[in-house]
Every structure is written in structure tokens, then in C-alpha cells.
Amino acid sequence: MSTSGKQRFIIAGLGNRGRDSFARALLSFPDRGLPEFKQKAEIVAFVDINPERARVANEVLGTRIPVFAGLAEAASKHPADWAIITTNDNTHADICVEALRRGMSVIVDKPLATSVWECERIVAASREAGRQVVVGHNMRYNEHMFQMARMVRSGAIGKVQQVESGEVLDLTHGGSYFHRWHSEFSKSSGLLNHKCCHQLDIINWVIDDRPVGVSAMGDRTYFVPRPDLKAGPRCSQCAIAKQCPHYCNIDVSYPGGRPEDEKRLRRMYVDVEHVDGFIRDACVFSDRNTINDHEVLNIRYAGGVLGSFSLMTFAPREYNYFYFTGTEGRLEYSVVFEPNEKLDDNRSGAETGFFANEGKPQIRLLHKDGKVEFINVKRLHKGYGHGGADVKLIASVLGVPIEGVDPIQRATPEQARNAVAIADMAARSIAGGGRYVAIEETGRDRPPLPPSARRKG
Ligand SMILES: NC(=O)c1ccc[n+]([C@@H]2O[C@H](COP(=O)([O-])OP(=O)(O)OC[C@H]3O[C@@H](n4cnc5c(N)ncnc54)[C@H](O)[C@@H]3O)[C@@H](O)[C@H]2O)c1
């Protein structure tokens with residue numbers, strides 16, 4: 001703690017999340033953080049392997065926070081209580097372990113890591129250091145998710161027997177991952193890990209159980225090289241970009257008119273790409289993709305529950321669902337995302353800060369006698385990031401009272417590992433032609449590349 005009594009934070013990774021979700025929140029930017037946050041927290045250093053991106057963060061945020069290329073140097077010059085780790089998924093384990101060994105507690109964004117093996121290193125380091133690890137599973141702070149967890153855990157459907165769930169991404173949202181580092185398996189372990197870890201964690205959390213085996217299949221058939229399109233290597237150098245449903249307009253400003261959001265993608269990535277070579281608007285149909293774009297899996301839980309899950313990245317509409325069936329009834333959650341009327345075409349989407357409108361999320365309780373009860377859920381803090389989920393997570397860490405937070409919403413590293421475990425087992429199963437993979441097979445190494453990664457074209 002600083003002499004002024006504030007919690008000291010180092011932020012590692014000054015991209016999308018580090019800068020605009022966490023730094024802006026701790027600095028109490030409107031719609032990001034509560035006014036109390038900056039009275040309780042102080043950012044003492046920024047760390048990024050691209051120091052230019054951290055410099056831009058200072059410029060955009062109006063701060064003069066010292067910038068370092070590594071956590072070790074930052075921590076030795078500016079001791080801190082917490083490290084916030086918002087770097088690429090494959091770097092989380094090393095940075096977490098370094099922070100914990102230096103006596104810091106950690107907020108690490110989801111997914112905890114890219115394999116069970118790396119998660120175990122984090123869990124062991126946190127136990128050894130006696131420091132906290134809080135994982136950015138912010139979806140738990142969504143009121144509908146919390147409502148489901150409360151109902152199922154309190155026995156509203158009896159003993160859970162089966163779960164069906166799926167994450168169906170539309171063309172812009174699904175495609176957005178194929179413009180960036182996420183489409184390289186070595187950096188994300190695929191979208192089942194990177195993206196679906198949220199939803200897999202919700203399943204594990206709602207039924208309060210841990211996965212012990214998975215059989216899965218997956219492939220990439222849509223985001224494949226398309227020589228017929230004669231597309232350029234990146235949207236900003238592509239003759240057909242404006243006709244493409246995946247066009248990423250690198251020059252657009254985010255809605256809201258805030259100065260920090262002006263030409264957000266250009267300033268955050270393109271202006272500094274000469275330092276690290278990271279291309280933000282790579283063609284989604286390039287041959288660099290090594291992840292699957294659709295996957296289906298079956299999951300077995302320790303307590304006997306059976307689960308099925310599917311990931312789809314190229315659907316016309318976005319859709320999410322969780323269906324839990326127990327001995328006394330069934331709980332269903334679903335939401336269809338609706339087109340955003342503010343968009344004059346379908347091509348701007350997630351890339352530009354315009355997301356499809358969240359439709360009307362619905363929870364239905366199907367009683368044993370067939371009667372259907374619709375459950376009303378009150379939304380709180382909806383104007384903040386991720387529908388209010390981010391501000392609640394950060395408030396809970398800083399001890400700032402905020403409505404709608406319960407200790408069970410905080411994801412422990414052991415629980416976060418269980419979401420990664422499903423993706424890890426699924427990757428091994430897919431590489432093995434769909435065979436059943438038990439949890440004991442994980443924990444020694446990273447999962448293998450999907451077979452689709454080796455297929456070019
Ligand atoms: N919880 C959520 O809702 C949510 C949403 C989006 C992203 N995320 C997670 O946040 C993390 C960051 O994602 P993003 O969208 O901000 O990515 P990004 O590419 O915008 O930013 C990543 C930053 O990390 C830096 N970096 C990479 N390796 C580093 C290293 N070894 N040391 C220091 N800096 C390093 C990069 O230079 C970049 O500035 C990912 O793990 C992602 O899964 C979580």
C-alpha cells in the first residue's frame with residue numbers, strides 16, 4: 001500500500017483490456033470506474049513488450065505512468081500490491097508466476113492460461129506466495145448468470161443430470177478473432193479456450209462441479225484461404241474490403257465521441273506496429289490461421305453430470321444458450337443478439353465498438369408438471385463495461401461497496417483452471433480423432449495443434 005493508503009497496481013499489457021477496461025476503470029473514467037476507484041487505487045507502472053503502445057496509453061489517458069518492457073524491472077523500481085495481467089493468453093503463466101514470486105497479488109484476465117499445465121504453475125505459485133489470484137471471469141457478474149447459479153445451486157431443478165450449451169458468434173464477432181493473434185493456436189489455444197472459457201466457466205460454476213473427461217470434434221472450413229477473392233493481406237490494403245462482411249475499418253472512431261476513443265484501432269495498433277509487427281486488421285482468410293472455427297464436444301463431470309457444448313464462429317445471428325436439466329425440472333437461458341440499428345451496414349460491428357444489441361435474455365424454469373415460469377432479472381450498472389460486469393469485479397477487489405456482488409462470483413485460479421481444462425482436453429481429443437480424453441492426460445504440456453492447422457487452403 002502507498003503512503004497515501006492506496007492499493008498500488010502495475011498493469012501488464014496496455015492493449016484493449018489493459019488500457020480501456022482496467023486503467024480507465026482505476027482512473028475512474030466515466031462508464032468505466034466508480035469515483036471511489038481512484039481514491040483507493042494508484043497505477044504505479046505500465047509494462048508492455050511494445051513500449052510504444054504503453055506510451056500511447058499514457059497519451060490517451062492523460063497520465064505519465066512510467067513504462068517498462070518487463071514486470072521484473074517495473075516491480076523493482078515501483079513496488080506494487082497488485083499486478084493486472086492483460087497480455088496475450090500464452091504469456092499469462094510466466095507473468096503471473098513472476099508477479100506472485102515478487103509478493104504481488106494478481107488480477108489475470110481470462111482465460112487463466114493456454115493449458116492445464118500452465119494453470120497448475122499459477123495455482124502452485126499462488127499457494128507458495130500466499131497471494132491472491134483473481135481471474136477476469138467477468139461473465140459471472142452478469143445478473144442472469146448469477147441468477148442461474150443461485151437457482152441451480154439452491155436446488156430449483158433438483159440434482160443436475162445434463163447440461164446443453166453453445167456459443168454462436170455472428171460473422172463480425174466471430175471474424176474479429178481471425179484478424180488478430182487469437183487465430184494462432186500457439187497464442188490462444190483456440191477459441192474454445194480464449195472465448196468459450198467464459199461460458200464453460202459458467203457451466204462449471206452453476207453446477208458447482210469439475211470436468212473429468214471430454215470427447216470432441218472440430219474443424220476450420222470458413223476462415224480458410226480464399227484465393228478466388230483476390231483479397232489483400234490486410235483490410236487496409238484490400239481492394240474488396242468494403243464488400244467483405246469482415247471488413248475491419250482501422251480508421252473508425254469509437255462511438256460516444258470521447259477523445260480517447262478517436263481512431264482507437266489506428267492509434268492503439270497501427271501507429272505502433274513498427275515495434276512488434278502485430279497486424280490488427282489481417283485478412284480473416286489468410287493462411288496464418290491455425291485454430292478451428294467450429295467445434296462440438298461432450299463433457300463428463302466428476303459428479304456424473306453430462307454436458308454438451310458447441311462453438312460456431314460464422315453464424316448470421318449471435319446466440320447463446322445454457323439448458324440445465326435436473327431431477328426436478330429444467331432451467332433454460334437463451335439470448336439472441338439483434339442487429340444494431342445504429343449501423344448503416346453489417347460490416348462495422350465489434351471492430352468499431354458497435355456490438356449487436358443484446359436482445360432480451362430470458363430465463364425459463366420448466367417445472368416437473370410442465371408449467372413454465374419466466375424469471376425476472378434486474379440489471380444493474382448496465383452502462384459500464386461488459387454490461388456492468390467489469391465494474392463489479394474491480395469494485396469487489398478494491399472493497400468498494402456496490403450493489404449486486406456476492407463472494408461466489410469471484411473466480412479462483414482452481415476454478416479458472418477447470419474452464420481451461422475443458423478446452424485442453426477437447427484439443428487433445430480433436431487431435432486424436434475424437435477419442436475420449438481424461439483429465440489425467442493434461443497437466444504436463446500444452447495441447448497439440450488442431451489437425452486443421454496443417455491444412456493449407
Ligand atoms: N474478460 C473479458 O471480457 C476479456 C475481453 C477481452 C480480452 N480479454 C483478455 O485480455 C487479455 C488481453 O486481450 P486484449 O484484447 O487486450 O489484447 P491486445 O492485443 O489488445 O493487448 C495485449 C497487450 O499485451 C502486450 N503483451 C503481449 N505479450 C506481452 C508480454 N509478454 N509482456 C508484456 N506485454 C505483453 C501486447 O503488446 C499488447 O499491448 C487476453 O488474455 C484476453 O483473453 C478478456
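The values are calculated or read from the model by the stated rules, or taken from the named source; none is laboratory data. Treat the numbers as computed from the prediction; the structure is a model and nothing was measured. FYI the Cβ positions are ideal-geometry reconstructions off the backbone, even for glycines, and counts take in every protein chain you see.
Pull up the range 209-230, narrow it to residues that are among the acidic types (Asp, Glu) and within 30 Å of GLN162 (Cα to Cα), then point me to the one that is surrounded by the most Cβ atoms within 10 Å (Cβ to Cβ). Out of the qualifying residues, it is ASP209.
Evaluating MET1 against the criteria (1) aliphatic (A, V, I, L, M); (2) surrounded by fewer than 23 Cβ atoms within 10 Å (Cβ to Cβ); (3) within 14 Å of the ligand (Cβ to nearest atom) leaves one unmet condition, (3).
Scanning the range 217-239 for residues that are under 26 Å from ALA438 (Cα atoms) and within 16 Å of the ligand (Cβ to nearest atom) turns up nothing.
Counting only strands (runs of 3 or more DSSP E) wholly contained in the range 67-150, the ones carrying 1 or more residues that are within 14 Å of the ligand (Cβ to nearest atom), in contact (Cβ under 8 Å) with a residue 60 or more places away in the chain and out of contact with any Gly (no Cβ under 7 Å at 6 or more places or on another chain) occupy 82-85, 133-136. Of the residues making up the range 397-426, those that are part of a loop (DSSP other than H, G, I, E, B), more than 22 Å from GLN199 (Cβ to Cβ) and touching a residue at least 12 places away in the same chain (Cβ under 8 Å) number 4. Among the residues examined, ILE408 qualifies as closer than 20 Å to GLY136 by Cα, out of contact with any helix residue (DSSP H, G or I) (no Cβ under 6 Å at 6 or more places or on another chain) and either crowded, with 19+ Cβ neighbours inside 10 Å or not assigned by TED's automatic domain parsing to the domain that holds ASP81 (or both). Criterion first (out of contact with any helix residue (DSSP H, G or I) (no Cβ under 7 Å at 6 or more places or on another chain) and more than 27 Å from HIS386 (Cα to Cα)) does ARG102 satisfy it? No: the conditions fail for ARG102. Please tell me if SER215 is in the same structural domain as GLU318 (by TED's automatic domain parsing) and either modelled with pLDDT under 95 or under 21 Å from ASN90 (Cβ atoms) (or both). Judged against the criteria, SER215 is not a match. Would you pick out the residues in the range 108-152 that are aliphatic (A, V, I, L, M) and over 30 Å from LEU449 (Cβ atoms)? Passing the criteria: ALA129, VAL134, MET145, MET148, ALA149, MET151, VAL152.
Within the range 253-279, restricting attention to residues that are buried (at least 18 other Cβ atoms within 10 Å of the Cβ) and near the ligand (Cβ under 10 Å from one of its atoms), the residue that is nearest to PRO51 (Cα to Cα) is VAL272.
Filtered by the rule that a residue be buried (at least 24 other Cβ atoms within 10 Å of the Cβ) and either without any contact (Cβ under 8 Å) to a residue 24 or more places away in the chain or not in a helix (DSSP H, G or I) (or both), the range 21-37 gives a lone residue, GLY33. Here TYR301 meets each of (1) closer than 30 Å to ARG140 by Cβ; (2) aromatic (Phe, Trp, Tyr); (3) at pLDDT below 95 with one exception, condition (3). Within the range 286-294, identify whether any single residue is β-branched (Val, Ile, Thr) and in contact with an Asp or Glu (Cβ under 6 Å, 6 or more places away or on another chain), and answer yes or no. The answer is yes, given that some residue of the range 286-294 is β-branched (Val, Ile, Thr) and in contact with an Asp or Glu (Cβ under 6 Å, 6 or more places away or on another chain). Search the range 154-179 for residues that are not assigned by TED's automatic domain parsing to the domain that holds TYR323 and pair each with any residue that is in a strand (DSSP E or B) and of a type in the set (Lys, Arg) when their beta-carbon atoms are under 9 Å apart and the residues are at least 6 apart or on different chains. Nothing qualifies. Residues that are part of a strand (DSSP E or B) and either under 30 Å from GLY443 (Cβ atoms) or among the hydroxyl-bearing types (Ser, Thr, Tyr) (or both) within the range 190-248 comprise PRO211, VAL212, GLY213, VAL214, SER215, ALA216, MET217, GLY218, ASP219, listed in sequence order. Restricting the first member to the range 4-16 and to residues that are under 25 Å from MET268 (Cα atoms), and the second to residues that are of a type in the set (Ser, Thr, Tyr) and more than 6 Å from the ligand (Cβ to nearest atom), the beta-carbon pairs closer than 6 Å and six or more apart or on different chains are ARG8/SER2. Restricted to the range 143-175, and to residues there that are surrounded by fewer than 22 Cβ atoms within 10 Å (Cβ to Cβ) and out of contact with any strand residue (DSSP E or B) (no Cβ under 7 Å at 6 or more places or on another chain), the residue that is nearest to VAL296 (Cα to Cα) is HIS173.
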